[in-house]
């Protein structure tokens with residue numbers, strides 16, 4: 001097994017002052033997806049046949065996109081942020097993907113992936129509605145970012 005951490009933020013991590021609003025202007029999908037896909041392409045050209053992906057917070061969106069596009073063999077995300085569109089992103093995943101997915105969250109205290117969003121996601125994905133497999137694990141009494 002090998003682990004890769006692609007710099008899809010283009011060398012520009014979130015500033016320590018936490019000014020997310022300003023930072024997000026230069027870190028939408030148009031700016032962050034190409035470097036991520038370049039790494040995926042390079043790894044596949046090297047002969048790597050299966051990739052697993054995990055995304056934390058902001059990265060949950062990219063796990064979702066890679067799962068939706070069947071680019072990876074399995075996807076997991078922890079405390080995905082509110083960049084996901086629910087129900088849309090999970091409806092699309094259910095419709096087109098054959099990749100199993102796991103979500104680890106802290107729905108009680110999370111302002112991004114709230115209890116209502118977690119429940120709506122479960123309704124879309126559970127009860128055999130997503131044949132590749134779906135599992136959501138909830139960790140109680142921890143704040144957003146707990147898995148980092």
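Structure summary
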read-out	value
Every residue from the stretch 9-40 that is surrounded by 12 or more Cβ atoms within 10 Å (Cβ to Cβ) and at positive phi	10
Count - residues of the stretch 78-123 that are over 12 Å from residue 67 (Cβ atoms) and touching a strand residue (DSSP E or B) at 6+ places or on another chain (Cβ under 8 Å)	11
Elements of type helices (runs of 4 or more DSSP H) in the stretch 29-148, at least 3 residues being assigned by TED's automatic domain parsing to the domain that holds residue 2	29-45
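The values are calculated or read from the model by the stated rules, or taken from the named source; none is laboratory data. For clarity, every value in this text was computed on a predicted model and none was experimentally measured. With ideal geometry, Cβ positions are generated from the backbone for all residues, glycine too; neighbour counts draw on all protein chains shown.
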